[in-house]
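First the structure, in the form of structure tokens, and then the observations on it.
The values are calculated or read from the model by the stated rules, or taken from the named source; none is laboratory data. All figures in this text were calculated on a predicted structure; none of them were measured in a lab. All Cβ positions, glycine included, derive from the backbone under ideal geometry; neighbour counts span all protein chains shown.
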Amino acid sequence: MRASATAYCHQTTHHGHTGTLARTTTTIADTMADNRAGGRIPYGYRPISEEDHHRGEEETEQQRRSIIKRGHEAGLRLRKIAAEITSKGYPTRTGKVFSA
């Protein structure tokens, strides 16, 4: 049976090592505090600096995000929202049509 991450953290800390859970928690907190992205940058944002992964808003994608948000708040299904964005001729970040 595998030990939980918390048990592993306590076990490694007991032997004088920083636990995996503690390192991961610290890394995530630092990333969020510095407004850095880990992995793919969310739709509506763009990298400002590649070396430290800071991000800023991407104006065109932010406009599309507002259409998505309004549709969601109006209770539209994702398929209907995707159809609306596609009908306006807006491609995804990779140049494809939106889908749900």
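Considering only segment 32-49, state which residues are farther than 20 Å from T92 by Cβ and modelled with pLDDT of 65 or more.
Selection gives I48, S49.
Only residues that are surrounded by 11 or more Cβ atoms within 10 Å (Cβ to Cβ) and outside any helix (DSSP H, G or I): list them for segment 58-78, please.
E58, L76, R77 - these are the residues of segment 58-78 that are surrounded by 11 or more Cβ atoms within 10 Å (Cβ to Cβ) and outside any helix (DSSP H, G or I).
If you take the residues of segment 79-100 that are not in a loop (DSSP other than H, G, I, E, B) and not hydroxyl-bearing (S, T, Y), which of them is surrounded by the fewest Cβ atoms within 10 Å (Cβ to Cβ)?
Out of the qualifying residues, it is R79.
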